[in-house]
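The values are calculated or read from the model by the stated rules, or taken from the named source; none is laboratory data. Model, not experiment: these values are computed from the prediction. Every residue, glycine among them, receives a Cβ derived from its backbone with ideal geometry; neighbour counts consider all protein chains shown.
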Amino acid sequence: MNVGAVGDALTVLDNTFLRYSAMPGGSPIPAWSFRHPTLREGFAAFIASDLNLTEILCSGLEDNQLLTQLDCGSTEARGVLISIPSALYPEVAQRIFAMRPTYESAGRDWSEYHRAKTSWYAFFTQRCGRTFLQEYLTVDPALPSRLLEFVSHLGPFDEPSVLAHLHRNGLLAESIRIIAVKRVSELAVETPDAGWIKLPEWSILMTSEERNLLLASVRNELLPELVDVVWNWGSNRPSKEDPEGWYEPLVETLKEYADALGDDTAARRLIDDALDAIDRAKENDWSEYDEEPLPYRKKSWHSSQVQLRQGLGTRSIFDDVDGD
């Protein structure tokens, strides 16, 4: 390739079809871009009409561009440079597979690993239709099993969204779906984690019956143990951790469960008692915030937790049902 000739050609197109400038709100380094979105769309349509040109373009894209500039059968993707014809699905699938993020490939940096996973999974949920997903699973059949590696809290995890996308396209084995439902059911009670109530992927992955059964498990297994849940939550707070931020996930979870349980008076009463106890615990913990590490504040912490337990009491969720 004659780099000089390419540069001259780009210069001729400047301010007509192209522009060379820094993108508003982006990198301050100038770069070439289309002057108007319609020109970009026209160029994309021209490239897509020729299989060879499409293949050349794909081979020249960097990994992050591949994830954000291609569409493989989705009807909803935005900001797409080019729609990939199905004849190139095997080649693209192989490249996407080679890009799968690992902790080691992210330099053993957890934040970078999470960012890479988010971008990689977003490609499947936002830019892939059933035919490409089917092709990809022939290259990476272990993907559904790896997607089961989610933990609490559910919000930041992208794996369930991909599971839901596969299920919606009829490509998720029922055995994998059942394992995912079992896993989220454990987290719902043990963490506790109410993300399954409002996150849209769980409305796809769980049947109405499974959701009702899980809510019943929360009512019958979690709520009678709220004394220990709040106790354990407080006992794990590092002395340097802001009490307000530390208890926030638990408070939000209990409020979600209170809303979901609706008119269940006994259940809501016990949740309200737990929320009141958390408020008292936060007040006590603020007096110790930014003081000595946890092992050296056990005596005062223990005193506040005893008060918390006494405030919650130990009665069953259903003790007062007959009297109401």
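For the reader, a short list of remarks on this structure follows.
- Check on Gln126, at pLDDT below 95, in a helix (DSSP H, G or I), under 22 Å from Leu67 (Cα atoms) and not hydroxyl-bearing (Ser, Thr, Tyr): yes
- Scan of the range 59-73 for residues that are hydrophobic (A, V, I, L, M, F, W, C) and touching a Phe, Trp or Tyr at 6+ places or on another chain (Cβ under 7 Å), ordered by number: Leu67, Cys72
- Yes/no for Pro249 being over 30 Å from Glu174 (Cβ atoms), buried (at least 17 other Cβ atoms within 10 Å of the Cβ) and either without any contact (Cβ under 8 Å) to a residue 24 or more places away in the chain or under 22 Å from the mean Cα position of the chain (by Cα) (or both): yes
- Here the helices (runs of 4 or more DSSP H) wholly within the range 131-235 that include at least 1 residues being in the same structural domain as Leu275 (by TED's automatic domain parsing) are 226-235.
- Within the range 151-175, being of a type outside the set (D, E, K, R), more than 16 Å from Met99 (Cβ to Cβ) and buried (at least 18 other Cβ atoms within 10 Å of the Cβ) holds for Ser152, Leu154, Phe157, Pro160, Ser161, Leu163, Ala164, His165, Leu166, His167, Leu172.
- Yes/no for Asp228 being among the acidic types (Asp, Glu) and touching a Ser or Thr at 6+ places or on another chain (Cβ under 7 Å): no
- Residues in the range 144-192 that are free of Cβ contacts under 8 Å to residues at least 12 places away in the same chain and closer than 17 Å to Asn212 by Cα: Ile178, Lys182, Glu186.
- Taking the criterion of being at positive phi and at pLDDT 90 or above, the only residue of the range 62-103 that qualifies is Gly73.
- Among the candidates Ala260, Ala274, Ala194, Ala188, the residue that is farther than 27 Å from Ala142 by Cα, in contact with a Phe, Trp or Tyr (Cβ under 8 Å, 6 or more places away or on another chain) and not β-branched (Val, Ile, Thr) is uniquely Ala194.
- Qualifying residue in the range 222-235 (condition: within 12 Å of Ala188 (Cα to Cα) and either in contact (Cβ under 8 Å) with a residue 24 or more places away in the chain or charged (D, E, K, R) (or both)): yes
- Each residue in the range 95-120 was checked for being in a helix (DSSP H, G or I), over 17 Å from the mean Cα position of the chain (by Cα) and farther than 13 Å from Val162 by Cβ, and 3 of them qualify.
- Residue count for the range 100-134, restricted to those that are surrounded by fewer than 16 Cβ atoms within 10 Å (Cβ to Cβ) and under 25 Å from Asn52 (Cα atoms): 2
- Filter pass, Glu244 being in contact with a Phe, Trp or Tyr (Cβ under 9 Å, 6 or more places away or on another chain), charged (D, E, K, R) and part of a helix (DSSP H, G or I): yes
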